[in-house]
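Shown next, in structure tokens, is the structure this report addresses.
The values are calculated or read from the model by the stated rules, or taken from the named source; none is laboratory data. Bear in mind the structure is a predicted one, so any value in this text is a computation, not a measurement. We place every Cβ from the backbone using ideal geometry, glycine too, and count neighbours over all the protein chains shown.
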Amino acid sequence: MAEQELTITPKPAQNKKSPGKAQRKKMLLAALEKTYGVVTTACKKADIDRQTFYNYYNDDPSFAKKVDELKNVALDYAESHLFKNMQDGKEASVIFYLKTQGKGRGYIEKVQNEHTGSNGGPIQFADTIDLSKLTDQELITLKTMQSKIAGDSSEA
């Protein structure tokens, strides 16, 4: 029997295709979920440029809606930790919650501003204004404006 020569030809190296747009969006959404919606961190995890993320977000309403829904997941996560802290008796968490959610029950902070003049006295206003540099026509216009502001229907 004649010997047959067996030749093996290697397969050409396959170029790894970069993921398509739909796949990149899925990768971004998965990364956003893991990073609680932090865009920069998610983009690094997905190896996708931030500008690409914002292009997808601005150009694709369906993608934007999914991203916005993930923001609610992050908010839910933060709220669950807030409630856990409250259960653990962490006073700052209790105060924060009451300030933001207990306003209807009187848990609000009021800020009162008081303005004073020099040395804590009353604010001083000039009692007189020198109108001597105005023309007669300017004085008439000024008087007319004063009457309108005061609600006086008769004009000077």
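Key figures
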{"quantity": "Count of residues meeting criterion [surrounded by 13 or more Cβ atoms within 10 Å (Cβ to Cβ) and in contact with a helix residue (DSSP H, G or I) (Cβ under 7 Å, 6 or more places away or on another chain)] in region 97-114", "calculated": "2"}
{"quantity": "Filter pass, residue 69 being free of Cβ contacts under 8 Å to residues at least 12 places away in the same chain, in a loop (DSSP other than H, G, I, E, B) and of a type in the set (D, E, K, R)", "calculated": "no"}
{"quantity": "Those residues of region 115-154 which are charged (D, E, K, R), surrounded by 10 or more Cβ atoms within 10 Å (Cβ to Cβ) and either assigned to a loop (DSSP other than H, G, I, E, B) or modelled with pLDDT under 85 (or both), in sequence order", "calculated": "152"}
{"quantity": "Residue 87, sole failed condition from (1) under 21 Å from residue 28 (Cβ atoms); (2) out of contact with any helix residue (DSSP H, G or I) (no Cβ under 6 Å at 6 or more places or on another chain); (3) at pLDDT 90 or above", "calculated": "(1)"}
{"quantity": "Residue match in region 92-106 (condition: modelled with pLDDT under 90 and assigned to a loop (DSSP other than H, G, I, E, B))", "calculated": "yes"}
{"quantity": "Members of region 46-77 found to be more than 16 Å from residue 21 (Cα to Cα) and either surrounded by 14 or more Cβ atoms within 10 Å (Cβ to Cβ) or among the hydrophobic types (A, V, I, L, M, F, W, C) (or both), listed by number", "calculated": "70, 73, 74, 75"}
{"quantity": "Top-ranked residue in region 23-80 [being closer than 27 Å to residue 96 by Cα and among the polar types (S, T, N, Q); ranked as nearest to the chain's Cα centre (by Cα)]", "calculated": "72"}
{"quantity": "Test: residue in region 135-144 that is within 44 Å of the chain's Cα centre (by Cα), aliphatic (A, V, I, L, M) and over 30 Å from residue 94 (Cβ atoms)", "calculated": "no"}
